[in-house]
Amino acid sequence: LLSYFSFLCRYFRWWYKKTRIEKKSAFIDLLCAVPLQQIYGCPLGGIGGGTITRGWRGEFCRWQLNPGLYHYETVIADQFTVCLRCKGQTVYQQVLSVERPSTLQGWNWGYCGHYAFYHALYPRAWTVYELPGQNVVLTCRQVSPVIPHDYKDSSLPVGVFIWEVENGRDEDVEVSIMFSLQNGTGTKEDRSGGHWNEPFAFEKEGERIAGVLLHHCTRVNPFTFAISAREKAGTGVTHLTAFNPAGSGREVWQDLLQDGRLDSPAGESLLCASCRVPAHEHRTLELALAWDMPRIHFGSKEKLHLRRYTRFFGSGGDAAPALSHHALTHYEEWEKKIEDWQKPILENSQLPFWYKSALFNELYFMTDGGTIWVELPPDCCAEDLQGPAGAGLSHLLPVLREYGRFAYLEGQEYRMYNTYDVHFYASFALVMLWPKLQISLQYDIAVTVVNEDVQPRQYLMCGQTAQVKLKNVVPHDIGDPDDEPWQRVNAYLMHDTADWKDLNLKFVLQVYRDYCLTHDSLYLRDMWPVCQAVMESELKFDTDNDGLIENGGFADQTYDAWVVNGASAYCGGLWLAAVCTMCKMAEVLGDAEIQQKYTDILSKGKEAFERMLWNGKYYNYDSSGSDTSISIMSDQCAGQWFLGACGLDQGEFEV
């Protein structure tokens with residue numbers, strides 16, 4: 001209890017300095033946690049350009065535009081509204097929202113949720129509206145460009161809404177879908193002034209779109225929204241001048257009610273797409289939302305970064321029309337690629353439905369995990385990247401030049417980029433779907449391994465002071481988005497992770513796994529010296545020279561509230577698996593001396609592992625003999641599991 005109280009005191013002092021004096025947010029905020037809201041649906045946007053999350057009830061409710069930072073706010077003015085007209089008369093007009101807000105009371109709110117259905121299979125989602133009493137069904141299909149092995153369109157900050165209209169009536173009906181968007185994300189900056197809107201039209205290769213640009217002119221990381229619709233035969237696109245989202249909205253409502261169109265004088269922040277649907281037929285309206293924040297600063301504001309999509313659409317801040325046009329003219333191609341990717345899994349009768357759902361829907365974190373994907377500066381050289389001790393990574397610069405730098409958070413409330421102990425698990429999604437991003441991430445980690453940061457700091461759990469980063473040790477993370485990632489690593493300061501037993505091992509295991517899946521021999525050769533360095537560093541934890549590392553009597557691995565002492569199933573298993581892959585890599589690279597060294601260690605270590613941990617039924621948690629020692633740890637065979645993913649879990653390689 002005393003040590004826990006001491007930790008709380010240290011944490012509160014640190015939290016107060018960070019949030020009240022430095023005016024920064026805490027990377028882990030134990031005092032102001034974000035309350036749980038089970039409202040979120042499928043997010044919009046590709047990889048690394050920011051995301052906008054819609055709830056399953058259709059609201060725009062979570063904003064991650066500034067890199068790595070979230071704003072949880074439902075902007076009530078951001079809505080879709082439907083208008084139906086028959087024989088020149090409006091017969092139905094409804095905001096497609098179950099909400100009944102205190103603002104915009106001139107609009108018809110309170111759609112009955114009984115007549116709407118939502119489902120998602122990321123990166124797509126469907127909402128079906130059976131308009132009560134109208135014999136008309138609307139299906140809004142939401143599509144984002146998240147496409148395996150695609151390194152262009154998958155980076156785009158766009159989402160497309162395809163509205164399928166089915167007319168079950170015995171007469172033609174004119175259908176209008178109005179898309180209203182407030183200039184902002186519900187933050188105090190929305191009221192700071194200087195924001196402005198303008199209409200636009202963009203035509204290329206015979207395809208024309210029209211819409212509204214909403215310029216959000218903040219001092220740091222300004223951006224532009226674009227709402228647009230595809231113009232085609234039988235589809236009309238109109239817009240309206242800026243409206244007051246805090247007012248009644250009556251003028252907007254009456255304008256749409258009058259003729260199913262919006263008057264377009266100087267037109268700004270509402271968009272309307274309309275079409276006539278013959279009796280018992282269906283038609284499609286195509287709308288898009290894009291956002292262009294090409295030039296970004298992290299929290300320190302020290303360096304300017306260009307997002308990945310600027311390679312294809314420029315960094316001048318004027319790309320929103322071109323992004324919108326590209327989205328509206330390419331979404332069908334995206335959907336075909338998405339279906340080709342997902343179909344074999346969805347049709348596999350050997351896989352349970354819950355697994356198929358989880359496999360795709362949990363992938364949302366690849367884009368909505370505070371994810372950033374940036375270009376290298378054009379004048380960047382290898383020395384800038386490698387630091388004083390980074391020589392030897394011969395393909396570092398070519399890889400990062402071609403594919404950029406990628407980072408995602410441990411979690412929305414654990415604000416650290418590329419937290420390596422858990423990336424170990426999540427990395428399968430990256431290496432199987434966007435392998436070049438995994439390779440890029442690994443090069444970034446390798447650079448930090450061979451460098452050090454000698455700045456001292458106090459660690460909150462133990463209260464001891466140590467340097468931020470030791471040489472030849474894998475970092476816990478590559479930094480906090482509210483600071484300067486890549487430049488200052490190890491935002492995590494609960495424990496001194498230089499003494500963690502799993503980080504180095506997880507690097508070695510990922511290097512071999514990546515090689516197995518990509519067959520990239522240049523990558524393997526570059527990483528081999530780094531693997532040798534981290535394994536040499538790890539050997540110091542084998543204090544009795546029995547071929548098996550020992551834990552240090554504190555929470556010295558990813559389960560950072562669990563004390564482990566002596567030989568352990570989790571870290572010991574990871575160690576043996578890493579030793580096994582060292583043998584395989586040495587064999588591939590023809591390094592007989594290193595192969596023999598680690599073969600001998602593996603032989604000794606496997607015997608020690610069985611002798612010290614196997615109790616006849618399962619492996620003990622650790623060898624300490626404490627009350628928790630005989631616990632069954634669900635993750636105890638993580639090393640063996642990882643070897644299985646590399647085809648090394650049988651025969652001589654079974655650890």
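Among the aspartates and glutamates, select those whose C-alpha is under 12 Å from the C-alpha of Lys606, and discard any that sit fewer than 8 residues away in the same chain. Counting by Cα, and skipping residues close in sequence, Lys606 has these aspartates and glutamates nearby: Asp546, Glu652, Glu654. D by Stokes-Einstein for region 60-106, Kirkwood Rh over Cα pairs, 25 °C, 0.890 mPa s: 185 µm²/s. Counting only Cα atoms, the size of region 493-622 along its three principal axes is 39, 36, 25 Å, in decreasing order.
Expressed as a whole percentage, what fraction of the accessible surface of region 76-301 belongs to carbon and sulfur atoms when a 1.4 Å probe is rolled over the protein heavy atoms?
Numbers: 4080 of 8780 Å².
The C+S portion of the solvent-accessible surface of region 76-301 is 46 percent.
The value of relative contact order for the chain, using C-alpha pairs under 8 Å at least six residues apart, is 11 percent.
For region 501-654, carbon and sulfur atoms together expose 52% of the accessible surface, with a 1.4 angstrom probe and every protein chain in place. Per residue, the convex hull around the alpha carbon atoms of region 78-145 comes to 113 Å³.
Distance between the modelled labels on Cys217 and Ala561, one decimal in nanometres: 4.8 nm (7 Å Cα→Cβ projection). Between the amide H of Asp483 and those of Gly299, Ser300, distances stay under 5 Å, these residues lying 5 or more places away or on another chain, with hydrogens modeled in the peptide plane. By a 1.4 Å probe calculation restricted to protein chains, Arg276 has an accessible surface near 130 Å², given to the nearest 10. The helix-based estimate of mean residue ellipticity at 222 nm for the chain, built from -39,500 (n - 2.57) per DSSP H run of four or more residues and divided by its residue count, is -9500 deg cm²/dmol to the nearest 500. From largest to smallest, the equivalent ellipsoid semi-axes obtained for region 76-301 from the alpha-carbon gyration tensor read 29, 21, 18 Å. Extension gain for Glu587 to Trp341 (0.36 nm times residue separation, less C-alpha to C-alpha distance): 85.1 nm.
Straight Cα distances below 17 angstrom link Lys337 to the aspartates and glutamates Asp150, Asp153, Glu347, with same-chain residues fewer than 8 positions distant left out.
Annotation: Ser248 carries an accessible surface of approximately 50 Å², with a 1.4 Å probe and no ligand, DNA or RNA atoms counted. Mean separation of Cα pairs under 8 Å and 6 or more residues apart, divided by the residue count, gives region 67-203 a relative contact order of 25 percent. Each principal axis of the Cα atoms in region 299-376 has its own extent, and those three values, largest first, are 50, 34, 17 angstrom.
Screening the chain for whole DSSP H helices of 18 Å or more along their axis (Cα) with average Kyte-Doolittle hydropathy at least 1.0 returns 420-433, 569-589.
Going from most exposed to least, what order do Asp502, Asp560, Asp263 have by accessible area with a 1.4 Å probe? The partial results should precede the final answer.
Numbers: Asp502 0, Asp560 50, Asp263 85 Å².
Reading off the accessible areas and sorting them downward yields Asp263, Asp560, Asp502.
Taking every alpha-carbon pair within region 436-494, the share separated by more than 12 Å comes to 68 percent.
Ligands, DNA and RNA are left out, and with a 1.4 angstrom probe the accessible area of the chain is 41 Å² per residue.
Based on every Cα atom in region 467-566, Rg and the maximum pairwise Cα distance Dmax equal 14.9, 44 Å.
Ignoring ligands, DNA and RNA, what percent of the accessible area of region 409-495 is carbon or sulfur (1.4 Å)?
Values: 1390 of 2640 Å².
Exposed carbon and sulfur together represent 53 percent of the surface.
Counted over region 504-562 with a bin width of 5 Å, the fraction of Cα pairs per bin, in whole percents, is 4, 16, 20, 19, 17, 12, 9, 3. Please find the FRET efficiency linking Arg169 to Glu332, where r is the Cβ-Cβ separation and R0 is fixed at 30 Å, and quote it to the nearest 0.05. It comes out at approximately 0.60.
Calculated FRET efficiency, Val422 and Ser631, Cβ-Cβ r, R0 25 Å, to nearest 0.05?
That gives a FRET efficiency of 0.75.
Calculated on the Cα set of the chain, radius of gyration then Dmax: 27.7, 89 Å. Residues whose amide H falls under 5 Å from that of Gln182, counting only those 5 or more places apart or on a different chain, are Asp78, with hydrogens built in the peptide plane.
Available extension along the chain between Tyr40 and Tyr4 is 9.5 nm, counting 0.36 nm per residue and deducting the alpha carbon span. When the alpha-carbon atoms of region 1-125 are used, the pair Rg, Dmax equals 21.2, 78 angstrom. Note down the accessible area of Lys606, probe 1.4 Å, to the nearest 10 Å². Approximately 60 Å² of Lys606 is accessible to the 1.4 Å probe.
On a 1.4 Å probe surface of the protein chains, which of Thr465, Thr367, Thr558 comes out largest in accessible area, and what is the full order? Provide the component values of the computation, followed by the final result.
Details: Thr465 95, Thr367 0, Thr558 20 Å².
Largest to smallest exposure gives the sequence Thr465, Thr558, Thr367.
The values are calculated or read from the model by the stated rules, or taken from the named source; none is laboratory data. No experiment lies behind these values; they were computed from the predicted model shown. Heads up, the Cβs are rebuilt from the backbone with ideal geometry, glycines too, and the neighbour counts pull from every protein chain shown. Heads up: the accessible areas ignore ligands, DNA and RNA and are worked out on the full protein's heavy atoms, side chains in. Shrake-Rupley method; radii C 1.70, N 1.55, O 1.52, S 1.80 Å.
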